[in-house]
Amino acid sequence: MMNAAGIAVLGVYDRYKRLIIAFLLILFLFVLGQVTVSNFLSLAQILLTVKLASFIALFGLCQMIVIAAGGSGLDLSVGYTATITAVLTASIMDGQNEHLWIAVLVALGIGIVVGLINGVLTAYVKLPPLVVTLAMSNILQGAINVYTAGKNITGRPSPVLQIIAAKSSGIFPNILFILLIVTPIVMVIMYNTKWGLKLYGSGANETAAYLSGVNVKRVRCVAFLISGILASLIGLLLVGNMGIAFKDMGSNYVMPSIAAAVVGGVSLSGGDGNYLGVILGAVFLQTLTNLLVALGWGDAGKWLGFGIVLFVLLIVYVSNRRGR
């Protein structure tokens with residue numbers, strides 16, 4: 001018969017199983033990397049991994065919110081929402097701190113417009129989120145191409161934004177502190193506020209949530225609104241990190257953001273999701289990317305790795321649903 005300590009350990013494992021699995025996957029990749037690539041576990045390499053993973057984790061937050069709301073929610077427009085923000089605000093800031101507040105207002109405006117359109121069309125018009133956000137992504141891409149047609153993208157981020165997004169305090173990247181601030185705020189909102197409970201309730205059981213007085217349509221619309229605003233603000237961080245804006249700069253984060261949410265244990269059926277898991281999923285994907293690049297696989301290997309990870313996890317997800 002299992003003693004009390006064993007029962008307690010099993011209880012902790014069952015509660016945090018997804019986080020533990022994600023952490024073990026990261027540990028496995030680090031060990032594998034150290035065995036196959038020299039200095040893979042150096043402090044500088046680990047901090048670079050965490051810095052790059054922070055951007056994936058921030059985009060992953062967008063996906064977690066819309067997925068948790070249910071309704072087969074995914075936001076494929078986050079990449080080009082961030083890109084159009086970066087392209088427009090780089091010229092506004094033009095390397096001047098005094099113009100940063102204007103850039104922030106523009107970013108908020110873009111995020112609100114994109115998020116509201118996505119939210120209204122998916123929640124109230126009942127169009128499939130994949131179709132709506134893919135169409136929005138194409139519209140934004142077209143708008144960027146029209147805006148930049150025949151001319152170079154000009155402008156630079158403000159020095160303050162570069163310090164926040166690209167520089168380090170001591171050995172720690174400053175973007176990591178942004179993530180450390182965002183994470184507890186997200187956890188409190190998602191688990192200790194009425195809106196968070198409504199969000200998870202809408203995703204877990206739409207009918208039960210509606211009968212309990214939850215306006216499910218409004219909750220899902222707000223989820224896409226928040227995703228749009230966050231993606232647009234992340235666009236500011238991207239241009240701050242890279243120092244310039246360019247076409248497609250945010251599009252490469254769409255698939256990793258979805259993969260990070262899935263690796264982190266966010267249920268695709270909605271009603272579940274832990275942001276700590278999303279962060280671990282982002283670190284796992286960035287570590288996988290570093291390993292594949294170090295082995296000489298390049299971008300092709302990176303996307304192959306992401307595809308395999310998503311494919312395997314989706315098979316596990318479908319198998320688990322059928323087994324219920």
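The values are calculated or read from the model by the stated rules, or taken from the named source; none is laboratory data. Quick caveat: nothing in here was measured; it's all calculated off a predicted structure. Cβ sites come from the backbone with ideal geometry, for glycine too, and all protein chains shown count toward neighbours.
Go through the range 142-156 and count every residue that is surrounded by 18 or more Cβ atoms within 10 Å (Cβ to Cβ) and either more than 14 Å from V87 (Cα to Cα) or at pLDDT 95 or above (or both).
0
Report, ordered by the first and then the second residue, all pairs with beta carbons closer than 8 Å, sequence separation of six or more or different chains, a first member in the range 155-169 that is more than 13 Å from A245 (Cα to Cα), and a second member that is surrounded by 15 or more Cβ atoms within 10 Å (Cβ to Cβ) and of a type in the set (S, T, N, Q).
Listed by first residue and then by second, the contacts come to I163/N174; I164/N174; A165/N174; A165/N241; A166/N174; A166/N241; K167/N174; S168/N174.
Under 7 Å between Cβ atoms, at least 6 apart or on separate chains: pull out the pairs that start in the range 197-209 with a residue that is among the hydrophobic types (A, V, I, L, M, F, W, C) and end on any residue that is surrounded by fewer than 20 Cβ atoms within 10 Å (Cβ to Cβ) and not in a helix (DSSP H, G or I).
Short answer, once both residue conditions are applied: A204/G271.
Please go through the range 124-143 and pick out each residue that is within 24 Å of L199 (Cα to Cα) and either among the basic types (K, R) or over 21 Å from the mean Cα position of the chain (by Cα) (or both).
Y124, V125, K126, L127
Which residue, of I46, I67, I56, I84, is free of Cβ contacts under 8 Å to residues at least 60 places away in the same chain and either among the hydrophobic types (A, V, I, L, M, F, W, C) or touching a Phe, Trp or Tyr at 6+ places or on another chain (Cβ under 7 Å) (or both)?
Sole residue among the options that is free of Cβ contacts under 8 Å to residues at least 60 places away in the same chain and either among the hydrophobic types (A, V, I, L, M, F, W, C) or touching a Phe, Trp or Tyr at 6+ places or on another chain (Cβ under 7 Å) (or both): I46.
Please list, ordered by first then second residue, the pairs with beta carbon atoms under 7 Å, 6 or more apart or interchain, first in the range 121-136 and closer than 17 Å to R218 by Cβ and of a type in the set (D, E, K, R), second part of a helix (DSSP H, G or I) and modelled with pLDDT of 95 or more.
From residues that are closer than 17 Å to R218 by Cβ and of a type in the set (D, E, K, R), there are no pairs.
Residues L61, L25, L48, L116: which one is crowded, with 24+ Cβ neighbours inside 10 Å, out of contact with any Ser or Thr (no Cβ under 6 Å at 6 or more places or on another chain) and in a helix (DSSP H, G or I)?
L61
Tell me which of these L121 doesn't satisfy, since it passes every other one: (1) assigned to a helix (DSSP H, G or I); (2) surrounded by fewer than 24 Cβ atoms within 10 Å (Cβ to Cβ); (3) in contact with a Lys or Arg (Cβ under 9 Å, 6 or more places away or on another chain); (4) not β-branched (V, I, T).
(3)
Do you know which of the residues in the range 278-306 that are small (G, A, S) and without any contact (Cβ under 8 Å) to a residue 24 or more places away in the chain is surrounded by the most Cβ atoms within 10 Å (Cβ to Cβ)?
In this case the residue turns out to be G305.
Which is of a type in the set (V, I, T) and over 22 Å from the mean Cα position of the chain (by Cα), of V146, V120?
V146
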